[in-house]
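Heads up: the structure comes next, in structure tokens.
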Amino acid sequence: MAKDTLDPSDWESFRLSAHTMLDQVLNKMEAAKTGPVWNKLPDEKKKDFDQPLPQKGLGVDVVRQKITELLPYGVGNTHPRFFGWVHGAGNAGGIFPEMAAAAMNANVGGRDHGAIYVEKQVIDWCRQIMGFPLESSGLIVSGTSMATIIAIKVARDQFLDTCCRENGLAGAELVGYASEQSHSCLSRAFDILGIGSKALRKIPCDQNFQMDIDSLKSAIIKDRNSGKQPFLIIGTAGSVNVGAIDDLDALADLSLAEGLWLHVDGAFGSTAILSESIRPKLIGLERAHSLAFDFHKWLQVNYDAGCVLIHSKEKHLQSFAGRAEYLVAGEALAAGSPWPVDFGPELSRGFRALKVWSHLIEHGVEKLGAVISKNCKQAAYLSEKIKVDPCFELLAPVMLNIVCFRYLGGKDIDNNNLNRQIVRMLQESGVAAPSTTTINGKLAIRVNITNHRTEFSDLDILLNSTRKIGKEISQH
Ligand SMILES: *Cc1c(COP(=O)(O)O)cnc(C)c1O
């Protein structure tokens, strides 16, 4: 009996319980294509999360039962007709590394052990995928939001000669540029890094929702003339609203000419470099100084995992290196410098790298690229069906994997309100889960396809249900 440790006192029954849990989880994964997309957590179930702090433990069987009860109430992104926001669908293989990571309980902030080598391997594979130079470095993080903070800090520190690490901005009036369609995590990073969200200039887009290069040039000149200090251009590879990819090659030329850092937000879009049909649209990506992207979106790794790549390991270290005396590099277990902690803000870190490494080994990049190509074909298919159907209006050109459209309710109908209701009813019915956005002032039903389970017939189901609900509400 192991009374004073947290280990099971009876490994036999623990093992039995664990095997049952595994089967329950596998049942869930095997059934990913069936049932409603989304089950709202019922009110009486919410009460389960308003309980007193446990004083005495209830044991692992109670935990298993409670977890099993929670399994049906996910976001729905494992289902083939989840089309909201930008969510990856995950994959069954992810369960192996999650189990192993729990068993190893590795702290991947540093030191010399297996997990460190796994992460280095993953970073080097990512470098190859994205065409970054040999002297690049990178770090696996929770997602693109965190990757962006790291990348922009390196850009900021390089511009201010890294003395800002000690002195702060000291009155420097830094400004950066991204398109009007860029993601909100960029302003958040500017805020967090003390640059201020207003210092991120939102540059207008052309009719294809790409950043307008002439407007960008004028904005840089205007800021320079008024004494501001431009330091950064951020290109978007795959915008959330419509999937637009900025002209990265043109941005790289401009950043070279102006001496500005080029960062690319490629959360999902940059991973389309694995698709032969999309790759040409990403030319110039390899010239960026930094890149942030996610494994948990279009690459289908289970949440959460993202990555930052910096084109120069030296510059990356200049922003984060510097350890206290109890962490200095040494011999034996303390060897292997630089450590992950020298490339980012976290010291203790989990073993996210393992699930990415396993995923790449299990499926290979060819298959991951094929899923991306398939999703783009599905978006094109959906947009063609919308174009020939007078019930619908396509609201933006389809460039990648995102389709924005609306149901037309006829005259005297408020189409914004109507389409908002349609999306709510689609979600509540469990048939499909698109989300909404606004395109040129019009409320759009937004369909994002970053899902290896989606079939062409799922898009037919979506359109048929949308038409049916639209007709019912508008009597049209
Ligand atoms: C999802 C997304 C982000 C934020 O990434 P997280 O992984 O959610 O932190 C940033 N930019 C774009 C274009 C995105 O799609």
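Brief remarks on what is shown
- When residues of the range 258-275 are limited to those that are of a type outside the set (D, E, K, R) and out of contact with any Gly (no Cβ under 8 Å at 6 or more places or on another chain), the one surrounded by the fewest Cβ atoms within 10 Å (Cβ to Cβ): Gly259
- Output for the range 1-58, where each listed residue is open to solvent by less than 90 Å² (accessible area, probe 1.4 Å), part of a loop (DSSP other than H, G, I, E, B) and farther than 22 Å from Ala433 by Cα: Ala2, Thr5, Pro8, Ser9, Asp10, Gly57
- Of the residues making up the range 413-442, just one is acidic (Asp, Glu) and in contact (Cβ under 8 Å) with a residue 40 or more places away in the chain, namely Glu428.
- Meets criteria (within 16 Å of the ligand (Cβ to nearest atom), more than 19 Å from Val154 (Cβ to Cβ) and modelled with pLDDT of 95 or more) for Phe190: no
- Subset of the range 188-237 that is β-branched (Val, Ile, Thr) and touching a residue at least 24 places away in the same chain (Cβ under 8 Å) - its residue that is most open to solvent (accessible area, probe 1.4 Å): Ile192
- Matching option when the condition is open to solvent by 60 Å² or more (accessible area, probe 1.4 Å) and either assigned to a loop (DSSP other than H, G, I, E, B) or small (Gly, Ala, Ser) (or both), among Glu346, Glu362: Glu346
- Any hit, the range 447-456, residues being in a helix (DSSP H, G or I) and of a type outside the set (S, T, N, Q): yes
- Leu382 vs. criteria outside any loop (DSSP other than H, G, I, E, B) and buried (at least 23 other Cβ atoms within 10 Å of the Cβ): yes
- Filter pass, Leu260 being touching a helix residue (DSSP H, G or I) at 6+ places or on another chain (Cβ under 9 Å) and away from the ligand (no atom under 16 Å from the Cβ): yes
- Of the residues making up the range 174-187, just one is open to solvent by 40 Å² or more (accessible area, probe 1.4 Å), near the ligand (Cβ under 10 Å from one of its atoms) and either without any contact (Cβ under 8 Å) to a residue 40 or more places away in the chain or under 17 Å from Trp261 (Cβ atoms) (or both), namely Ser184.
- Extreme residue, farthest from Ala321 (Cα to Cα), among residues of the range 92-120 that are open to solvent by 40 Å² or more (accessible area, probe 1.4 Å) and assigned to a loop (DSSP other than H, G, I, E, B): Asn105
- Any hit, the range 151-158, residues being open to solvent by less than 10 Å² (accessible area, probe 1.4 Å) and within 15 Å of the ligand (Cβ to nearest atom): yes
- Enumeration of residues in the range 238-254 that are more than 11 Å from the ligand (Cβ to nearest atom), open to solvent by 20 Å² or more (accessible area, probe 1.4 Å) and either within 19 Å of Gln207 (Cβ to Cβ) or under 21 Å from the mean Cα position of the chain (by Cα) (or both): Asp247, Ala250
- Taking the range 375-412 as the range and being without any contact (Cβ under 8 Å) to a residue 12 or more places away in the chain and either touching a helix residue (DSSP H, G or I) at 6+ places or on another chain (Cβ under 9 Å) or closer than 30 Å to Cys126 by Cα (or both) as the test, the residues that pass are Lys377, Leu394.
- Test: residue in the range 308-328 that is in contact (Cβ under 8 Å) with a residue 12 or more places away in the chain, in a loop (DSSP other than H, G, I, E, B) and crowded, with 19+ Cβ neighbours inside 10 Å: yes
- Of the residues contained in the range 134-149, one or more are found to be more than 16 Å from the ligand (Cβ to nearest atom), surrounded by 15 or more Cβ atoms within 10 Å (Cβ to Cβ), in contact (Cβ under 8 Å) with a residue 24 or more places away in the chain and not basic (Lys, Arg).
The values are calculated or read from the model by the stated rules, or taken from the named source; none is laboratory data. Keep in mind it's a predicted model, so treat the numbers as computed, not measured. Note that each Cβ is placed from the backbone with ideal geometry, even for glycine, and that neighbours are counted across all protein chains shown. When the accessible area is computed, the model is the full protein with side chains, heavy atoms only, and any ligands, DNA or RNA have been set aside. Shrake-Rupley method; radii C 1.70, N 1.55, O 1.52, S 1.80 Å.
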